[in-house]
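One structure below.
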Amino acid sequence: MSDDPMAEFLARERAALGAEADLFQNDSSGPASEAALSPGQQGERSSGGSFAEPMMVDSEPVGALSPEAAQPSTADSQFQEEWQAKQRTIIEDRDRQSEEKHGAIVEEAKQAIDKFYEEYNEKKEKSIQQNRANQEMELQAANKGSLWERALKQIDMATKASADIQGHSDASHKVVRDTSRMRELLQDLKRDKEAPGVKSKDAVKASA
């Protein structure tokens, strides 16, 4: 039998509990270990030399950020806002330039169209006036001379107009061939002073 009654009691309890005795080893070994210590060692343990002081827990929440930690986020936000403002300015300038360029192109095209129609109308008006003047001159020339001279002029004018319309086609040559005999006859009548209608209107007026 051991001299230590406490040790014997613990041994019997361990044997009775079996594996479950390990769960209580730390708690149950505390008094035995303390009893096994010398008086000097017990004094040191009771004074707290072997126990750690309780850890101080910071009352500030873990998720809270300090001002130093929050400062980079604020800087990033400011940089992002400046970048977005610069991008908006670039886009607005580009849109304005594109709109101005489009407006200039439209205005230039409008001026070109107006100029084209203005020149076209001027040329058309000049052509109309020139044709009218030519018709008046031809009409005056056709009314001069005798009846046969005016008939010859009418044939010549019709032949020329037909040639201008049809070009150098067979039809135009056919017109010339068809009028050649008529022109010869009119030439003979014009040279014949005794032929009726030989005197021109001016000569008739003068003799009257």
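From the mean inverse distance of alpha carbon pairs (Kirkwood) and the Cα radius of gyration, derive Rg over Rh for region 79-143. Spell out each step's value before the answer.
Working: Rg = 28.0 Å, Rh = 16.8 Å.
With Rg and the Kirkwood Rh in hand, the quotient comes to 1.67.
Between GLY145 and residues 5 or more places away or on another chain, which pairs have amide H atoms under 5 Å apart, with H built 1.01 Å from N, and which residues are they?
Here the answer is LYS201, ASP202, since their amide H atoms fall under 5 Å of that of GLY145.
Only the coordinates and a few stated rules stand behind these numbers; no lab work does. Source: prediction; values computed, not measured.
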